[in-house]
1. Is it the case, given these coordinates, that GLU69 is surrounded by fewer than 15 Cβ atoms within 10 Å (Cβ to Cβ) and farther than 15 Å from VAL13 by Cα?
2. Does region 137-146 contain at least one residue that is assigned to a helix (DSSP H, G or I), modelled with pLDDT under 90 and assigned by TED's automatic domain parsing to the domain that holds PRO106?
3. Among the residues of region 86-118, count how many are outside any helix (DSSP H, G or I) and either under 20 Å from THR142 (Cβ atoms) or modelled with pLDDT under 90 (or both).
4. In region 21-56, how many are at pLDDT 90 or above, surrounded by fewer than 20 Cβ atoms within 10 Å (Cβ to Cβ) and polar (S, T, N, Q)?
5. Hey, among the residues in region 109-138 that are touching a Lys or Arg at 6+ places or on another chain (Cβ under 9 Å) and small (Gly, Ala, Ser), which one's nearest to CYS160 (Cα to Cα)?
6. Taking the condition of being of a type in the set (Val, Ile, Thr) and outside any loop (DSSP other than H, G, I, E, B), how many residues in region 3-59 meet it?
7. Of the residues VAL128, VAL155, only one is among the hydrophobic types (A, V, I, L, M, F, W, C) and either within 10 Å of ARG105 (Cβ to Cβ) or surrounded by 18 or more Cβ atoms within 10 Å (Cβ to Cβ) (or both); which?
Amino acid sequence: MGNAPLMPKATAVWLVENTSLTFDQIADFCKLHPLEVKGIADGEVAAGIRGHDPITSGQLTREEIEKAEKNSGHRLHLSVSKVVVPEVKKARGPRYTPLSRRQDRPNAILWLVRNHPELKDAQIMRLVGTTKTTLKAIRERTHWNSAALTPMDPVTLGLCSQIDLDFEVNRAAKDKPATVEDHGQTLVPASVTTSPRPEPSTTEDVFGKAKPAAPQDDEDNFDADRVFGRLKDVDFGE
């Protein structure tokens, strides 16, 4: 069976009043029972319904109706609209919680507050369908039943799906500013501690006294003429 036209009963009323189609043809096109179409013709069914013209709405053509009127065995075919109407997405409203599970909602809120403190109030309200007043009362321990509350996983309670919970947790983690962890003082690498230290450039020793000048090498100040001149004056004897 194909798709039914818009307002099938109103369309059937118009076809009964304005065409010579059989009850079976109208019933097949409008997806109604033939006896129901007969009741429309007799005024027993859809007495207060105004007929809807399927030609004006583009669901039928005059040629299709005339063809069916000439041949009682011909089945009417719904015209395909040339205009593509985009599907209207319904806005996601507040989550509906069954009455039997509403008493567990505070327990689920307490579980989320303790186990996922990074979640914002709006995220928790979306997950379990609570109000800001109730959430604030549970956070501040001013809820009328705070003493008897027990943290319970909202997924286990059926208040939200694991996919929704993971989505909100990951989203909160991305929005959380990154912090640099302080690991305290760390050990100096061995390559630094074992490397040779340069000699100090100061001219004082550890007691604050001036260091003695380093002796100069005699080879650097060797005067050959002076040495041989002294050898001439030396009497070696015979």
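The values are calculated or read from the model by the stated rules, or taken from the named source; none is laboratory data. As the structure is a prediction and not an experimental result, all values here were calculated from the model. When we count neighbours, we look across all protein chains shown, and the Cβ atoms used for this are built from the backbone with ideal geometry, even at glycine.
1. Numbers: surrounded by fewer than 15 Cβ atoms within 10 Å (Cβ to Cβ): yes; farther than 15 Å from VAL13 by Cα: yes.
Judged against the criteria, GLU69 is a match.
2. So far as region 137-146 goes, yes, one or more of its residues are assigned to a helix (DSSP H, G or I), modelled with pLDDT under 90 and assigned by TED's automatic domain parsing to the domain that holds PRO106.
3. The first filter runs over region 86-118 and keeps only residues outside any helix (DSSP H, G or I), leaving 86-98, 116-118.
Checking the rest, the ones that are also either under 20 Å from THR142 (Cβ atoms) or modelled with pLDDT under 90 (or both) come to 86-98, 117.
Selection size over region 86-118: 14.
4. Residues flagged as at pLDDT 90 or above, surrounded by fewer than 20 Cβ atoms within 10 Å (Cβ to Cβ) and polar (S, T, N, Q) within region 21-56 amount to 1.
5. Looking at residues that are touching a Lys or Arg at 6+ places or on another chain (Cβ under 9 Å) and small (Gly, Ala, Ser), I get GLY129.
6. The number of residues fulfilling the criteria is 6.
7. Answer to the selection: VAL128.
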